[in-house]
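Note sheet for the following structure.
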Amino acid sequence: MPATMLEIKTKAFLPLLIQHLFLYHSLSSQLPISMANKFTLDSVRDALIREEDSIVFSLIERARFPYNAPAYDSSFLGNGFSIAEFYVRGTESLQAKIGRYQKPEDVPFFPNDLPSPLPPTKNSQELLYPASSSVSVNEAIWKFYFTELLPLFTTKGDDGNYASTVASDFVCLQAISRRIHYGKYVAEVKFTDAPQDYSPAISSKDRDRLMNLLTFVAVEEAVKKRVEKKARLFSQNVTLDENDSGKTQYKINPLVVSHLYDKWVMPLTKLVEVEYLLLRLS
């Protein structure tokens with residue numbers, strides 16, 4: 001592809017990159033962590049519950065568009081990247097310049113060669129054990145999102161809105177990643193509350209024992225029910241027709257959200273917790 005064509009396509013993405021930048025600014029001021037003075041399991045759980053809203057709304061927004069397969073074709077732009085990867089790399093670079101990815105729960109998908117932040121940043125890593133705070137499972141998140149999750153809640157088809165499609169994908173990816181990497185805080189507060197329970201398993205590198213300590217089936221079932229209920233409430237099509245007695249229509253199948261948490265979000269969160277704890281005594 002001629003360079004001029006690539007430049008044209010690149011310029012077409014700039015408004016969306018800037019829009020995403022401002023979206024990050026508006027959201028980041030509302031989200032934790034300002035938990036330094038109240039770093040408890042309850043405060044971390046409250047943060048996790050708020051992240052559920054972000055995930056549900058992001059999936060609803062992405063469901064506006066069909067699957068749009070060309071957006072994920074690495075030959076489409078002629079530079080070796082799919083539109084999705086090209087957009088994510090560019091947006092992460094911009095966000096890094098204004099100070100994102102300084103918090104342990106904000107993990108980039110393409111961390112290599114990100115620029116340093118321009119403004120001074122307040123680092124929250126002192127809440128976590130430094131050797132453990134860099135744990136990342138974003139590679140697994142990227143893979144399951146595009147290969148398994150996306151086909152579950154999008155319709156087949158191609159409407160040509162690739163820029164808006166991948167922008168919505170990135171919002172989904174970041175919301176899911178942030179929720180999963182909050183597992184670092186879960187692990188830290190659980191270890192701090194009961195080091196005698198976790199230290200032997202950490203010292204012996206017993207992953208299975210750690211996973212058992214971190215697993216609470218009743219809590220996980222409650223989470224699945226809650227996110228399904230949120231999806232029903234947030235995604236239902238509202239009508240003013242009092243005579244409409246038909247079945248409620250949803251923008252996204254609520255069971256998909258429950259499945260997302262059951263198959264990926266909660267298992268990967270616990271994996272983050274295990275990996276964090278294995279480094280906790282380093």
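The table below gives the values:
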item: Restraint check, LYS205/LYS230; LYS143/LYS190; LYS205/LYS270; LYS184/LYS225; LYS225/LYS247; LYS205/LYS225, Cα-Cα greater than 26 Å; result: LYS205/LYS230; LYS143/LYS190; LYS205/LYS225
item: Gyration tensor (alpha-carbon) shape descriptor, the stretch 140-282, a/c threshold 1.5; result: prolate
item: Residues listed by number, the stretch 187-208, amide nitrogen under 17 Å from ALA222 label point at 7 Å toward C-beta; result: 190
item: Computed label-point distance, nm, for sites LEU114 and GLN196 using a 7 Å Cα→Cβ extension; result: 4.0 nm
item: Estimated FRET transfer efficiency when R0 is 22 angstrom, pair ARG45-LEU281 (beta carbons, to 0.05); result: 0.35
item: Nonlocal amide H pairs with PHE39, under 5 Å, H built at 1.01 Å; result: none
item: Cα-based shape type of the stretch 175-226, given that a ≥ b ≥ c are square roots of the gyration tensor eigenvalues and the cut on a/c is 1.5; result: prolate
item: Phi-based couplings in Hz for the stretch 269-276 (Karplus 6.51, -1.76, 1.60; Gly and Pro marked x); result: 4, 5, 5, 4, 4, 5, 4, 4
item: Interchain or long-range residues, amide H under 5 Å from GLN236's placed H; result: LYS251
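Taken together, the values in this text are just the output of simple stated rules run on the coordinates, not laboratory data. What you are looking at is a predicted structure, and each value in this text was computed from that prediction instead of being measured. Positions of Cβ are generated from backbone atoms using ideal geometry, with glycine treated the same way; all protein chains shown enter the neighbour counts.
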